[in-house]
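First the structure, in the form of structure tokens, and then the observations on it.
The values are calculated or read from the model by the stated rules, or taken from the named source; none is laboratory data. Every value quoted in this text rests on a predicted model; they were computed, and no experiment measured them. Cβ: placed from backbone, ideal geometry, glycine included. Neighbour counts: every protein chain shown.
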Amino acid sequence: MPWNRTAPEVARALEVHPQTARKRLRRLAELLGERLSDPAFRFGALLALRTRALPGAAS
């Protein structure tokens, strides 16, 4: 999922309530902090998440 989305957009993409999306986005910000502003970090994180989502990928 692309970054820099609003909570309602994230909620629709994840099929969750907007408040749930807000809580998850806040938690990511708490855990990852300034790294979320780094394009290289975001790319690596997205790549890791997408690779993990591939069929047959190790859990």
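Per-residue answers, yes or no, for (1) part of a helix (DSSP H, G or I); (2) in contact with a Pro (Cβ under 8 Å, 6 or more places away or on another chain); (3) at pLDDT 90 or above:
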residue	(1), (2), (3)
P8	yes, yes, yes
V16	no, no, yes
R22	yes, no, yes
L32	yes, no, yes
R35	yes, no, yes
F41	yes, no, yes
G44	yes, no, yes
G56	no, no, no
S59	no, no, no
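In the stretch 39-52, the residues that are surrounded by 12 or more Cβ atoms within 10 Å (Cβ to Cβ) reach residues that are modelled with pLDDT of 90 or more with C-beta atoms within less than 7 angstrom, at least six apart or across chains, in these pairs: F41/R35.
Contact map, the stretch 7-27: residues that are more than 21 Å from S37 (Cα to Cα) paired with residues that are among the aliphatic types (A, V, I, L, M) and loosely packed, with under 15 Cβ neighbours inside 10 Å, Cβ distance under 6 Å, separation 6+ or inter-chain. Pairs shown: A13/M1.
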